[in-house]
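The values are calculated or read from the model by the stated rules, or taken from the named source; none is laboratory data. Only a predicted model underlies this, so the values are computations on that prediction, with no experimental measurement involved. Glycine gets a Cβ as well: all are built from the backbone with ideal geometry, and neighbour counts include every protein chain shown.
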Amino acid sequence: MRGRTWTAAAAGLAVALTMVAARPAAAQPTRGERHDFALVHFSAGQSVSLNVVIVPPDPYVPPDPYHVRLVLFDGDGSVLAQREADVDARHSTSLTLGFPADTSGGGPIAVRAQVEIVSPRGAPHDTNHSSLEVVDNASMSTTLFVSPAVIRGFNPQPDPPGRQ
């Protein structure tokens with residue numbers, strides 16, 4: 001009787017090990033990144049535009065698009081506008097917000113922006129560039145803001161000469 005118990009236990013263990021070994025490998029997780037912009041102000045006659053462009057290294061072109069989420073918040077953190085899009089490599093998308101006509105007092109509005117990007121499986125994940133613009137609607141002149149965090153090779157505090 002004791003021999004049969006061991007045989008049954010060994011057979012059960014062999015089946016369990018075979019099931020574990022036959023399991024497909026876990027899918028490679030997608031990787032994301034986020035770009036945050038500080039507060040900017042815009043007034044009547046102006047608009048704010050949040051932009052992102054996907055630029056993977058040549059000659060790589062991922063088979064699937066990148067998933068992008070663009071959000072504009074007010075100074076209190078409430079969402080003013082948002083957009084989600086699937087963006088192919090070497091393409092871009094934008095979100096534009098005009099100054100609300102019903103704003104009482106007519107003073108400037110504080111806005112901060114956020115870009116979230118999820119790369120397709122296996123794609124390089126830090127090949128995305130975002131910018132925030134304040135546009136004067138009458139003259140179409142633009143003030144451009146680029147987050148230093150997304151500028152490649154940028155060192156905000158380089159080492160003094162001779163101390164590397």
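Table for the structure above
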item: Residue within region 68-91 that is modelled with pLDDT under 90, surrounded by 17 or more Cβ atoms within 10 Å (Cβ to Cβ) and outside any loop (DSSP other than H, G, I, E, B) present; result: no
item: Failed criterion for residue 47 (all others in (1) modelled with pLDDT of 75 or more; (2) within 17 Å of the chain's Cα centre (by Cα) hold); result: (2)
item: Top-ranked residue in region 99-136 [being modelled with pLDDT of 90 or more and small (Gly, Ala, Ser); ranked as nearest to residue 38 (Cα to Cα)]; result: 113
